[in-house]
Amino acid sequence: MSEVEDSQNTIGPVECPHCGNVTPMQIVSTYSQVKEYSDSQFPIIWDAGNVYELLACASCHRVTLRSYFYHSHALEPDEIEIRILYPAKRDAPSGLPDQISKAYSAANRVKAIDANAYGVLLRRVLELVCVDREASGKDLNAKLADLAQKGEIPSKLAGVAKGLRQLGNVGAHATLGELTPEEVPVLDDLCRAILEYVYSAPSLAQCAEERLNRLKASKAK
């Protein structure tokens, strides 16, 4: 069954980790490890154990595997911590400026829906990086070359950026062809390589330096 048909077997609306839409999710399968327990010293009986649920999104129809620990007495339903086991969550690179972070998030919301749109939006992320780093040039290709020349990105990463730009062009212009879901992981890796070099690495280095300085200060007292 590919669509939500039985409201008694649905949850939500919740955010689908695949397409990012907030929509009802159908529980297509449940595996429960909940068992009954008792205490010989007290007249108490309770149920506890892990529960695994396979959900289907009403929008993109892709499946999500989640789990939670159930205890009949210890927790209220809204206090249960739910873990998404599949798809594995990939956090955004750290240290991104707000505008670039928003553009990257917008791209990821369409990643599972339209590879062409994803490529176009990642190209926009690349353009925002050039604006943020004050790159010079008449077009994106020239701006990327300027970043490489100034040492903002290494020459090898400039080639990565060029590949991302070219794939973004394919997504934007029908006459150049069409991107497929097979290109999506490549697009993601190319974009992350640039963002992590330009923003995440300096951010992590700064955090490490600040912690080291605090450690030195505490030992000097």
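The values are calculated or read from the model by the stated rules, or taken from the named source; none is laboratory data. What you see is a predicted model; the values in this text were computed from it and never measured. Here the Cβ positions follow ideal geometry from the backbone for every residue, glycine too, while neighbour counts run over all protein chains shown. Note: accessible area is taken over every heavy atom of the protein model, side chains too, but ligands, DNA and RNA are not part of it. Shrake-Rupley method; radii C 1.70, N 1.55, O 1.52, S 1.80 Å.
Worth pointing out:
- Among 197-209, 115-127, sorting by the average number of other beta carbon atoms lying within 10 angstrom of each residue, highest first, gives 115-127, 197-209.
- Listed pairs 162/216; 102/150; 102/143; 111/143; 102/162; 156/219 exceeding 31 Å between Cα atoms: 162/216; 156/219
- Per-atom-type breakdown for the range 21-125 gives carbon and sulfur 51% of the accessible area (1.4 Å probe, protein chains only).
- Straight-line reach from residue 89: taking Cα to Cα under 15 Å and skipping same-chain neighbours fewer than 8 places apart, the aspartates and glutamates in range are 15, 188, 189.
- The residues of the chain present an accessible area of 63 Å² per residue when probed at 1.4 Å with all protein chains retained.
- Gyration tensor verdict on the range 67-106 (Cα atoms; rounded if a/c is under 1.5, prolate if a/b is larger than b/c, oblate otherwise): prolate
- The range 136-190: C-alpha gyration tensor shape, a/c 1.5 cut-off, then a/b vs b/c: oblate
- The apolar share of the surface of the range 139-192, taken as the fraction of accessible area on carbon and sulfur atoms (1.4 Å probe, ligands and nucleic acids excluded), comes to 54 percent.
- Anisotropy class assigned to the range 6-45 is prolate, per the alpha carbon gyration tensor with a/c at or over the 1.5 cut-off and a/b larger than b/c.
- Mean ellipticity per residue at 222 nm, deg cm²/dmol - from DSSP H runs of n ≥ 4 across the chain, formula -39500 (n - 2.57): -13500 deg cm²/dmol
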